[in-house]
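Student: One structure is given below, represented as C-alpha cells, and several questions about it will come after.
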Amino acid sequence: MALHRMISAASGVIEPPDLWSSRLPSRFADLCPRMAETEAGVVWTAAHRLASPPAWLDALGDAHGHPRKISLSAAAWMATAEGRRWIQERDQVVAEALYSTGPVWDLINATEDRDFIVACYQAYNDWLAEFCAENPERFIGVAKVPSTGAEDATAELTRAVESLGLKGVVLDAWPAGPELPPAAKQCAAFWETAAGLGAPISIYRPLSGGREPELSIGPGGNPEFYSDLTSIIYANIPDRYPDIRFVSVAPNCGWAPPAFEALSESYMRMAATRKIALADPDLYPSDYMRRFFWYVTQEDRTAVLNRSYMGEAHLMWGSFAFMDHNAVWPNTRQLFERVTAGVAEPFRARLAHDNCARLYGAANASRFTPEEIKAYDSYALL
C-alpha cells in the first residue's frame with residue numbers, strides 16, 4: 001500500500017497558558033482564564049473555579065498509560081508552532097484542522113457575562129489566526145463563535161473568516177443561544193453568512209446547552225449531538241442555503257448508515273401526519289444528511305466499508321490528537337493503515353488528505369463540485 005500524506009480533520013489545539021491573561025482587558029482580571037500548575041500537572045482556572053484536567057494530558061502518558069506531569073513551560077512550548085510541528089511529525093501527519101474544546105469553555109460560558117464571553121472567544125480566535133499564519137499549510141484553524149446570541153455569533157463568524165483568515169467555525173450552542181432552535185429567525189443571518197463565506201460549520205457536542213460531554217460513542221449508539229444534525233435538516237436550513245456545509249466531529253461514523261436509513265423510513269412512514277417537510281420531494285432525509293454533511297472518522301472500518309453509501313467525498317480521517325481521550329497520537333499512521341487495509345488506493349488518498357484539504361480549501365485545494373457532493377449510493381441496508 002502507498003503511504004499517503006495525511007491531514008487530521010480533527011485535532012485539539014493546545015492553548016498557551018497566557019492566551020487570555022495577555023489579551024483580555026484588565027476589567028476582566030477576576031474572571032480571566034489562567035493555566036495553573038498543580039501536583040498532577042496543568043489545569044485551567046476561570047471565574048474562581050477549577051476545570052477538570054485537559055484531555056490532552058492523557059496523550060502524553062508513558063508507555064504504561066501513566067500520565068506525565070506537564071509543567072507550564074512545557075505546555076507553553078507545545079502551544080508554539082515549533083511544538084505543534086513536533087506533535088505532527090511524531091504522528092506522521094502533514095497538517096491538522098485545529099479545534100479548541102475542553103472544560104475551560106464551560107467555565108467561560110458559565111459566567112453568563114456577555115462582554116467577557118465575547119472577549120474570550122475573540123481573543124482565542126486572534127491567537128489562533130496568528131498561530132496558523134506561522135505555517136498555513138500545516139495549520140487549518142477552526143474558529144469558535146460565542147454562544148451569547150445570533151448577532152454576536154454572526155459578527156465573530158464574519159470577522160474570523162474574512163478578517164482573520166480562519167477556515168471554518170465550530171459551535172458550542174445554537175447561533176441564537178442554546179434555548180433557541182436552528183429554525184429560529186434569529187439564526188437566519190448566521191446560516192446565510194456561513195454559506196456565503198464557504199465556511200464549514202463543525203458540531204462536536206449537543207447544542208442545547210449543558211456541560212461538554214466526551215466524544216465517545218457507545219456500541220450501537222449515535223453521537224450525543226445526532227438530534228442536532230437532524231434538527232438542521234428539518235429546519236430546512238440546507239434548502240434555504242444550498243451552499244452550507246456541516247462537519248460531524250466524532251471519533252467514528254459507522255453509526256450513520258443504519259441511523260440514516262431509519263430516519264428516512266420514519267419520514268416516509270409518517271408522511272400523512274408529519275408537520276415538517278423537506279423542500280425537495282425527490283430527496284429523503286438520508287440524502288440531506290450526506291449532501292450537506294462531512295464526517296470525521298477514525299477507528300471505524302464500518303464507515304470505510306460503507307464509503308459508497310456515505311459518499312467518498314464526505315469522509316475525512318481524524319486523529320483527534322490532543323482533543324479527546326480517543327486520541328491515538330502518536331500512532332495515527334499505524335491505525336490508518338490497519339483500518340484501510342485492502343481498500344482501493346484512490347479512496348485512501350481522499351480519506352487521508354484530499355477530502356479535508358478540499359473542504360477547507362487548504363493549500364489552494366479545489367473545492368468539491370456539485371457532482372462529487374451528490375455521488376453516493378442510495379439503498380436500504382440489509
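Bear in mind that the values in this text are calculations on the coordinates, not laboratory data. In this text the structure is predicted, and so the values were computed from the model without any measurement. Virtual Cβ from ideal backbone geometry, glycine too; neighbours counted across all protein chains shown.
Student: Compute the label zone of residue 162 within region 188-205: residues whose backbone N is under 19 Å from the point 7 Å along Cα-to-Cβ.
Tutor: From region 188-205, the list is 188-201.
Student: Here is a follow-up. Sort region 239-292 into rounded, prolate or oblate with this rule: let a ≥ b ≥ c be the square roots of the eigenvalues of the Cα gyration tensor; rounded if a/c is under 1.5, and if a/c is not under 1.5, prolate when a/b is larger than b/c, oblate otherwise.
Tutor: Verdict is oblate for region 239-292.
Student: Give the total of Lys-Lys pairs in the chain with Cα-Cα distances below 26 Å; include a pair only if its members are 8 or more places apart or on different chains. Before the final figure, lay out each step's value.
Tutor: Values: 144/167; 144/185; 167/185; 167/374; 185/275.
Final tally of qualifying lysine pairs is 5.
Student: Of 347, 60, 262, which is farthest towards the positive pole of the chain's charge dipole, taken about the Cα centre with +1 and -1 on the beta-carbons of Lys, Arg and Asp, Glu respectively?
Tutor: 347
Student: Further, regarding this structure: Once label points are set 7 Å from the Cα along Cα→Cβ at both residue 334 and residue 378, what is their separation, rounded to one decimal in nm?
Tutor: Each label point is offset 7 Å from its Cα along the Cβ direction, giving 4.4 nm.
Student: OK, next. Which residue, chosen from 142, 72, 308, occupies the Cα position most advanced towards the positive end of the dipole of the chain, where the dipole is computed from +1 (Lys, Arg) and -1 (Asp, Glu) charges on Cβ about the Cα centre?
Tutor: Most positive-ward Cα: 308.
Student: In what order do 56, 329, 77 fall by count of nearby beta-carbon atoms within 10 Å, going from fewest to most?
Tutor: The fewest-first ordering by Cβ neighbours comes to 77, 329, 56.
Student: Which trypsin sites (Lys or Arg not before Pro) from region 90-143 combine a DSSP loop assignment with at most 12 other Cβ atoms within 10 Å? If you can, show how the numbers build up before the last one.
Tutor: On the way: sites: 90, 114, 138; in loops: 138.
Passing both the DSSP loop test and the Cβ count: no residue.
Student: Give me the distance between the Cα centres of region 117-176 and region 318-365, rounded to whole Å.
Tutor: Spelled out, the Cα-based centre of one part sits 24 Å from the other.
Student: Same structure again: Could you list 167, 69, 275, 185 in order of exposure, starting from the residue whose Cβ has the fewest other Cβ atoms within 10 Å?
Tutor: 275, 185, 69, 167
Student: OK, next. How many nm is it between the label spots at residue 90 and residue 73, if each spot is 7 Å from the Cα in line with the beta carbon?
Tutor: 1.8
Student: Counting other Cβ atoms within 10 Å, which GluC sites (Glu not before Pro) in region 112-196 have at most 16 and lie in a DSSP loop?
Tutor: Here the GluC sites (Glu not before Pro) that fit, given the DSSP loop and packing criteria, are 112, 134, 137, 179.
Student: Place a +1 charge on the Cβ of each Lys and Arg in region 39-180 and a -1 charge on the Cβ of each Asp and Glu, then give the dipole magnitude about the Cα centre in debye, rounded to the nearest 20.
Tutor: 380
Student: A further question follows. As a test of the formula, what do you get for the chain when each DSSP H run with n ≥ 4 contributes -39,500 (n - 2.57) and the sum is divided by the residue count, at 222 nm and rounded to the nearest 500 deg cm²/dmol?
Tutor: -9500 deg cm²/dmol, from helical runs alone.
Student: Using unit Cβ charges (K, R positive; D, E negative) and no other charged atoms, how large, in debye to the nearest 20, is the dipole of the chain about its Cα centre?
Tutor: Rounded to the nearest 20 debye, it is 420 debye.
Student: While we're looking at this one, here's another question. So for 325, 48, fewest C-beta neighbours within 10 Å to most, what's the order? Intermediate values should be presented prior to the final figure.
Tutor: Working: 325 13, 48 9.
Starting with the residue having the fewest Cβ neighbours, the order is 48, 325.
Student: Let me ask something additional. What is the list of residues in region 145-182 whose amide nitrogen lies under 17 Å from a point 7 angstrom out from the Cα of residue 365, following Cα to Cβ?
Tutor: From region 145-182, the list is 166-169.
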